[in-house]
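**Q** Okay, here's the structure, questions in a sec.
The values are calculated or read from the model by the stated rules, or taken from the named source; none is laboratory data. Quantities reported herein were computed from a predicted structural model and do not represent experimental measurements. Ideal geometry is used to build each Cβ from the backbone, glycine not excepted, and the neighbour counts take in all protein chains shown.
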Amino acid sequence: MTADFPVAGDQLIPFVSGGGGIGRLNREISIDFPDRRVPGIPISVLTDIFAPFPQRFENAETGLALTLGGGVDVRLWRGLSLGAEARWMRLLASQNTFDFAHIASRVSYRF
């Protein structure tokens, strides 16, 4: 949901936005064993030790996502505006809580 704040001039349109929904975060961790040679131990023994372990781990978490932000639009022509916004999002996943922030530009049209 976005709420505009009317100001005296017609060119700048400040706004706040917020909402909620479902978010998903995928993570991947890769472990590389570039050289498995150890002096005094045959390479076949080390291969047997490390072979059962995966070298790539994947994890995905889904949870409630809450977002809050705001910015300002500059009216270009009739209802067409160009703006910038900063937004913060919190993902309440099953095991962890993650915070994200970003700054973005946007194009909007108001009817």
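**Q** Out of everything in segment 5-25 that is at pLDDT below 85 and either on the phi > 0 side of the Ramachandran plot or surrounded by fewer than 10 Cβ atoms within 10 Å (Cβ to Cβ) (or both), what residue ends up being nearest to the chain's Cα centre (by Cα)?
**A** PRO6
**Q** Restricting to segment 71-105, name every residue that is surrounded by fewer than 13 Cβ atoms within 10 Å (Cβ to Cβ), closer than 30 Å to ASN26 by Cα and in contact (Cβ under 8 Å) with a residue 24 or more places away in the chain.
**A** SER94, GLN95, ASN96
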